[in-house]
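Here's the structure we're looking at; comments come further down.
The values are calculated or read from the model by the stated rules, or taken from the named source; none is laboratory data. What you see is a predicted model, and the numbers here were worked out from it, not measured in a lab. When we count neighbours, we look across all protein chains shown, and the Cβ atoms used for this are built from the backbone with ideal geometry, even at glycine.
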Amino acid sequence: MQNSILLSDAQVRPAGISVEEGIKALKCEIKKLAKTKSETFSYLCGETVIYGEVVLTMVGFAAVMAMVMIGGFIFGGEVA
């Protein structure tokens, strides 16, 4: 009586699409989303804003905050 399953006996085949097809579809969807108009930010800003611009703004803000944190670590001490 065998209590274990041998890996060589298992015929594992992924269901659905391949990884390459999934990545290609994901990239296509991201490109379409980046060009889509953001209704909320367009209303708040009073001009047409796309999701790509929103993401770039968030990345820029995160980069500035990271620089502030690194600067505080390097220079140390209190400010003021």
With modelled with pLDDT of 85 or more and of a type in the set (A, V, I, L, M) as the only criterion, which of V19, V12, V54 stands out?
V54
Suppose we keep only residues that are in contact with a helix residue (DSSP H, G or I) (Cβ under 6 Å, 6 or more places away or on another chain), assigned to a loop (DSSP other than H, G, I, E, B) and not hydrophobic (A, V, I, L, M, F, W, C) within segment 26-80. Which one would you say is surrounded by the most Cβ atoms within 10 Å (Cβ to Cβ)?
S38
